[in-house]
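**Q** Got a structure for you, questions after.
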Amino acid sequence: MEVKGKQANGKQGVLKRIAGPVVTAVNLDAHMYDVVKVGKEELMGEVIKIQGEHIIIQVYEDTSGIRPGEPVSNTGLSLAVELGPGLLTSIYDGIQRPLSVLVDKMGNFIERGVSAPGLSHTKKWTFKPLVKTGDKVEPGAILGEVQETNIVHKVMLPPNAKAGVVKTIKSGDFTVDETICVLDDGREFPMIQRWPVRVPRPVKEKLNPTIPLITGQRILDGLFPIAKGGTAAIPGPFGSGKTVTQQQLAKWSDAEIVVYIGCGERGNEMTEVLTEFPHLEDPKSGKPLMERTVLIANTSNMPVAAREASVYTGITIAEYFRDMGYDVSLMADSTSRWAEAMREISSRLEEMPGEEGYPAYLAARLSEFYERAGLVKALNGNGGSVSVIGAVSPPGGDFSEPVTQNTLRIVKVFWALDAKLSQRRHFPAINWLNSYSLYLEALQDYYDKEVSPEWNKIRSWAMEVLQKEAELQEIVQLVGSDALPESEQVTIEVARMIREIFLQQNAYDSVDTFCDMTKQYDMMKAIKLFADLAYAAQLAGVSPAQINTVKSKNELPQIKFIKDYKPELAKIEKQMDAEFNTLRSAA
Amino acid sequence: MKEYRTINKIAGPLVFVEKTEPVAYGELVNIVLFDGTIKRGQVLDTSDELVVVQIFETTTGIGRDSGVRFTGETIKMPVGKDMLGRILSGGGKPIDGGPEIVPEKRLDITGAAINPYARGMPADFIQTGISTIDGTNTLVRGQKLPIFSGAGLPHNNVALQIARQAKVPGSTESFAVVFAAMGITKEEANYFMQDFERTGALEHAVVFLNLADDPAVERIITPRLALTTAEYLAFELGMHVLVILTDMTNYCEALRQIGAAREEVPGRRGYPGYMYTDLACIYERAGMIKGQKGSVTQIPILTMPGDDITHPIPDLTGYITEGQIVVNRDLHRKGIYPPINVLPSLSRLMNLGIGNGKTRDDHKKVSDQMYAGYAEGNDLRGLVAIVGKDALSERDRLLLEFADLFENRFVRQGYDEDRTIEDTLTIGWELLSTLPVEQLTRIDRDLINKYHPKIKAGAKKE
Ligand SMILES: Nc1ncnc2c1ncn2[C@@H]1O[C@H](COP(=O)(O)OP(=O)(O)OP(=O)(O)O)[C@@H](O)[C@H]1O
Ligand SMILES: Nc1ncnc2c1ncn2[C@@H]1O[C@H](COP(=O)(O)OP(=O)(O)O)[C@@H](O)[C@H]1O
Ligand SMILES: [Mg+2]
Ligand SMILES: [Mg+2]
């Protein structure tokens, strides 16, 4: 981000104290959340507390080498992002500095004191107007469009600009700063707009979500779906699959735009996205996934204040694309690192700590963040959505800690990762007994119409089998499985099939990584077919041991790895029917 | 250089200095004792009235009469080509009787973050010769993969075996080793040194030793000196560097001690709230850079207090590193070396380093299938203890046997046994072939037909 502002009153303040990322200035006119420039190197910072004449500032860069007495100046602006063509395919740090530009300016390591604008101010974009002279335009109105990647970027009147009548509208190649529209009161608008990150962008109306975000992940779409415009949390201990699940969503979900925030996590994971996404195709458009993606990478070893900001930078960019009418999905990995950044800053401010040292406003900040998700009618009347999926990293994997608990109070979908599952390499390691989705009811109509009228029923059936298995497992642990009644032995086998065939999905298999709704339905139906035949056979006197010899059952897992699976599946189902017929007639 | 005599308080490793000229945050400070001894420290908090300095050595001998010199620069490490083969103290001073390091450069020890855009993706398979690592938790160049262990377990042997055997098949470049000891005993240090000498590894190693009786706070800089050296060797001289940091638990204790001295609000179990960020600034200093030759691979070792993996030290580490190798007491008691429990172990970068053209096309799926079998067999041991073996179904009985075989054939190997990846996968298939083929649901048919020993043998006969 680059801040071009004027000193509020021209007077420079002076640094009084430096202790890590928090510094104190005096003789500075400042308001809360003003962006200031700290020290001779003009490091960017933000006012976070005012106490008498002491202005307390969090600095977004390393403060080593800064001394008391160095100057501080106020830009008089709040922390804002640049919005306009050029966002897509970018990778930014927490305060929207493009990492590629930083490499050019300072090499392979992130040094400090370099400012870099979020958008290129020299690149020309071809702007096609969609309004004409004399048109009345309201705040948020779409003035025209730019073919940014394969995505069309809608250029809008800023939401906080007053309505007016178009006097001139241009067409042709422009930089983001050049005026493309003049209103009859003389106001001039370029393509770029700046929006303060801590303020949600306004909408006309928030609607209730009714359409699922299709992720291609069977356990998510099949058992615990998230709606477009919904919120989900994915807590889990280290190594349980938070990042892989979020990356799977970034790759395969049917959102039109993806904002991926690496908040206080690993550098190599961001590099992985950067290397992989340009080569992966969006299953819908066939275009490289990178073209619909914006990455924010403020890794664990980058400054904590910028980590705190990264989540706001990301959600503001997501809202901007939502206002164009797109379905946006935003992943934040990990919201716990964001909460820890708040905790670190708060403790340096010597604020009264709440639970486990987190500031008392932790719950408020979390809910304000997730509230920025939603299915909306934008100011311009477009329908768009922001779905938010937040990873949570509970210390020791214990979900009773404050970040997990405060998050669960807000979000509607809970994907509970389970170390026991990941240790046995059951992936995605989402526990089917503890997880839930509160969108199921709202999405029923969609499944009826778009998947099959049978879908909701077969889903409930699968959940029941899994619940039943959990109860039966308790008995098995005491007496062994042979002691169960025969029909329940069949249930145990069917549950195993649901887990191993349907729920397990290998993110690294080129076919299994994505499974569309039709295939999900077909797979579940095949398992149900086995169950129906097996229970019938059992009633007819076939023993569970014999049922387990059915060969076609063992072929079923292979379906996962076959792209055009239909002929093979039909063959297996036919064979299954025949095998059970033989068993029944022998009984 | 101006010398102040305005110390007004000394508490733990912290020295408070009054009324100075403006002093920079993070600046290196020399404290001069009456006998001329110099102690080094760093500015933690600076304002017009008061400067707080953290000393990296004992504060013994520092008094209100000591002189304080602010050097005007942050802590730098002199680095040069001739460091290889040298033994330095935990504070970076030669302790092998040799000459001072001739500095070619003086580098800031904090080390800036590698820009994620500039990182190269680690993808070169490192063969350690240990099946539980190569086969199921593969290490790649540029990875940070810690060993989680417990007091009295043979983690040092595992680390040394890795350092000795690590190679990238098909590459002629060997690894330079940077070894940093933090608070380990003299005996443990000797163990490492003797092995380095025995194998000739010392010639291409740089050793930093902060031993149990060295100042605890010095441990805060030891890993930073080691990593600064490693980055220099890797990114300026183009070497592949293996960094062994041991024991990170001692490092974290030192961190806790300083936090307490500063009267900070403590986080979980008394460790500072910023320990995640602090550890990340160490562990993230591993990796590769696009278009550059060298790499930094890190193997930190930590002992889990009470063997508890949820303790903040292993917990925060696991959240930062790219997996973990877990050394387990039960396996050790059974007499199995290396006692690596694969179930809680993980290599997050495994998928990038294995497969067709790197190791073998069946690698991932063989690994997944062995995990599934071992996990299930291991669970059944609990059941058998209650209901007896006879109550088991045929399927379960085979899985139970599989778990035993896995530990005895796959996990167990010699301290000097250097298995190729082919050896490792062959053992894997041998074990899997004791299970019914239908049960190998994690492996696609083609691979089963290609590698399953019984099917291959059958196909030949026909
Ligand atoms: N065979 C299996 N395959 C996949 N997942 C399983 C299997 N068995 C158990 N799980 C998963 O592991 C979880 C815990 O299983 P289990 O019921 O054995 O734990 P528990 O002993 O009750 O838990 P705790 O030890 O924490 O009290 C289950 O909720 C389920 O998610
Ligand atoms: N869906 C999946 N399919 C296959 N492997 C997975 C899947 N999810 C997770 N994994 C494995 O688990 C490891 C850890 O996952 P990751 O998402 O990095 O965990 P977390 O972010 O929770 O620490 C990955 O490196 C990968 O090996
Ligand atoms: Mg992760
Ligand atoms: Mg729309």
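The values are calculated or read from the model by the stated rules, or taken from the named source; none is laboratory data. All values reported here derive from a predicted model rather than from experimental measurement. No Cβ is skipped: glycine too gets one built from the backbone with ideal geometry, and neighbour counts run over all protein chains shown. Areas reflect the complete protein model, heavy atoms only, side chains present, ligands, DNA and RNA absent. Shrake-Rupley method; radii C 1.70, N 1.55, O 1.52, S 1.80 Å.
**Q** Using a 1.4 angstrom probe and counting only protein chains, how large is the accessible area of residue B:197 in Å², to 10?
**A** 120 Å²
**Q** Ordering B:281, A:515 by how much accessible area each has at a 1.4 Å probe, largest first, what is the list?
**A** Values: B:281 45, A:515 0 Å².
Highest to lowest solvent-accessible surface, that is B:281, A:515.
**Q** How are the C-alpha pair distances of the stretch B:248-383 spread across 5 Å bins, as whole percents from the shortest bin up?
**A** Whole-percent P(r) values from 0 Å outward: 2, 8, 13, 17, 16, 15, 12, 9, 5, 2, 1, 0.
**Q** Another question, if that's okay. Under a no-solvent Debye model with one identical scatterer per Cα of the stretch A:275-326, what's log10 I(q)/I(0) at q = 0.18, 0.24 Å⁻¹?
**A** -0.76, -0.94
**Q** Starting from one equal scatterer on each C-alpha and no solvent at all, send me the Debye-based log10 I(q)/I(0) for the stretch A:273-427 at q = 0.17, 0.18 Å⁻¹, two decimals.
**A** The computed values of log10 I(q)/I(0) come out as -1.15, -1.24.
**Q** Now for a separate question. In whole Å, what are the Cα extents of chain A along the three principal axes, biggest one first?
**A** The principal-axis extents, from largest down, are 96, 56, 41 Å.
**Q** Further question: Say each of residue B:65 and residue B:262 gets a label point 7 Å from the Cα, pointing the same way as Cα to Cβ; how far apart are those two points in nm?
**A** According to this spin-label approximation, the distance is 3.2 nm.
**Q** Once ligands and nucleic acids are excluded and a 1.4 Å probe is used, how much of residue A:198 is accessible, expressed in Å² to the nearest 10?
**A** 60 Å²
**Q** Still on this structure: Over the Cα atoms of chain B, Rg to Rh with Kirkwood Rh, two decimal places?
**A** Details: Rg = 25.2 Å, Rh = 24.1 Å.
Taking Rh as the inverse mean 1/r over Cα pairs, Rg/Rh reads 1.05.
**Q** Still on this structure, please answer the following. Modelled label-to-label distance, residue B:16 and residue B:106, 7 Å Cα→beta-carbon offset: nm?
**A** If labels sit at residue B:16 and residue B:106, their model points lie 3.2 nm apart.
**Q** Once you compute Rg and the Kirkwood Rh from C-alpha atoms, what is the Rg to Rh ratio for the stretch B:261-320?
**A** Working: Rg = 14.6 Å, Rh = 13.5 Å.
Dividing the radius of gyration by the Kirkwood radius yields 1.09.
**Q** For the charge dipole of the stretch B:309-440, defined by +1 on Lys and Arg C-beta atoms and -1 on Asp and Glu C-beta atoms about the Cα centroid, which residue among B:426, B:399, B:346 has the Cα displaced farthest towards the positive pole?
**A** So the residue furthest toward the plus end is B:346.
**Q** What number, rounded to the nearest 500 deg cm²/dmol, is the helix-based mean residue ellipticity at 222 nm of chain B, given -39500 (n - 2.57) per DSSP H run of at least four residues and division by all its residues?
**A** Details: 14 runs with 145 residues, N = 462.
Calculated at 222 nm, the ellipticity per residue is -9500 deg cm²/dmol.
**Q** I'd like the mean, over residues of A:146-157, of how many other protein chain beta carbons sit within 10 Å of each residue's own Cβ.
**A** Numbers: counts 0, 0, 0, 0, 0, 0, 0, 0, 0, 0, 0, 0.
The shielding value for this peptide is 0.
**Q** Quantify, in whole percent, the carbon and sulfur part of the accessible surface of the stretch A:18-141 (1.4 Å probe; protein heavy atoms only).
**A** Numbers: 2340 of 4540 Å².
Percent of accessible area from carbon and sulfur atoms in the stretch A:18-141: 52.
**Q** Largest first and in whole Å, give the semi-axes of the protein assembly as shown's equivalent ellipsoid, each being the square root of 5 times a Cα gyration tensor eigenvalue.
**A** Details: eigenvalues 480, 343, 116 Å².
Equivalent-ellipsoid dimensions as semi-axes: 49, 41, 24 Å.
**Q** The stretch B:231-300: Rg/Rh from Cα coordinates, Kirkwood Rh?
**A** Values: Rg = 15.5 Å, Rh = 13.7 Å.
Here the Rg-to-Rh quotient is 1.13.
**Q** When the distances between all Cα atoms of the stretch A:54-156 are binned every 5 Å from zero, what whole-number percent does each bin get?
**A** Final binned percentages: 2, 9, 15, 16, 15, 13, 10, 8, 6, 4, 1, 0.
**Q** For the stretch A:266-342 and the stretch A:366-414, write down the distance between their C-alpha centroids in whole Å.
**A** The stretch A:266-342 and the stretch A:366-414 have Cα centres spaced 15 Å from each other.
**Q** Next up: So who's got an amide H within less than 5 Å of the one on residue A:213, skipping anything under 5 residues away but keeping other chains? H placed 1.01 Å off N, in plane.
**A** Under 5 Å from the amide H of residue A:213 lie the amide H atoms of A:226, A:227, A:228, each far enough along the sequence or on another chain.
**Q** Let me ask you something else. For the stretch A:531-587, how big is the tail of P(r) above 16 Å, as a whole percent of Cα pairs? Write out the running numbers ahead of the final one.
**A** Values: 648 of 1596 pairs.
Tail of P(r) above 16 Å: 41 percent of Cα pairs.
**Q** Now a separate question. Ranked by accessible surface with a 1.4 Å probe, highest first, in what order do A:211, B:87, B:133 come?
**A** I get A:211, B:87, B:133, largest accessible area first.
**Q** Also: Can you list residues whose amide H is under 5 Å from residue B:7's amide H, if they're 5+ apart or on another chain and H is modeled 1.01 Å from N?
**A** It is B:18, by chain and number.
**Q** Right, here's the next one. Leaving out ligands and nucleic acids, note down the accessible area per residue over chain B with a 1.4 angstrom probe, in whole Å². Show your work: numbers first, answer last.
**A** Values: 16600 Å² over 462 residues.
Using a 1.4 Å probe on heavy atoms only, each residue of chain B averages 36 Å².
**Q** Would you grab the residues whose amide H sits under 5 Å from the one on residue B:292? Only those 5+ places off in sequence or on another chain, please, with H modelled 1.01 Å from N.
**A** none
**Q** Next up: Exposed loop sites here are chymotrypsin sites (Phe, Trp or Tyr not before Pro) in DSSP loop states with at most 15 other C-beta atoms within 10 Å. What is the longest stretch of chain B lacking them? Please report the intermediate quantities before stating the final value.
**A** Numbers: sites that count: B:34, B:415.
Here the longest segment lacking exposed loop sites spans B:35-414.
**Q** Can you tell me the orientation of helix A:566-586 relative to chain A, as the angle in degrees between its alpha-carbon axis and the longest Cα principal axis, to the nearest 10?
**A** 30 degrees
**Q** Is it possible to state the helix-based mean residue ellipticity at 222 nm for chain A, with each DSSP H run of 4+ residues giving -39500 (n - 2.57), the sum divided by total residues, to the nearest 500 deg cm²/dmol? What is it? The partial results should precede the final answer.
**A** Details: 15 runs with 186 residues, N = 587.
Taken over chain A, the calculation gives -10000 deg cm²/dmol.
**Q** Let me cross-check residue A:221: its accessible surface, 1.4 Å probe, with only protein heavy atoms counted, in Å² to the nearest 10?
**A** Roughly 0 Å² of residue A:221 is accessible to a 1.4 Å probe.
**Q** If I take all pairs of Cα atoms in the stretch A:168-318, what percentage of them are more than 18 Å from each other? Don't jump to the answer; show the numbers that get you there.
**A** Working: 7893 of 11325 pairs.
The answer is 70 percent, as a whole percent.
**Q** Please check which bits of the stretch A:445-476 a label hung off residue A:433 would reach, taking the label as a point 7 Å along Cα-to-C-beta and the cut-off as backbone N under 17 Å.
**A** Residues A:462-476 fall inside that zone.
**Q** If DNA, RNA and ligands are ignored and the probe is 1.4 Å, what is the ranking of A:111, A:474 by accessible area, most exposed first? Kindly include the intermediate steps, with their values, before the conclusion.
**A** Numbers: A:111 95, A:474 135 Å².
Sorted descending by solvent-accessible area, the residues read A:474, A:111.
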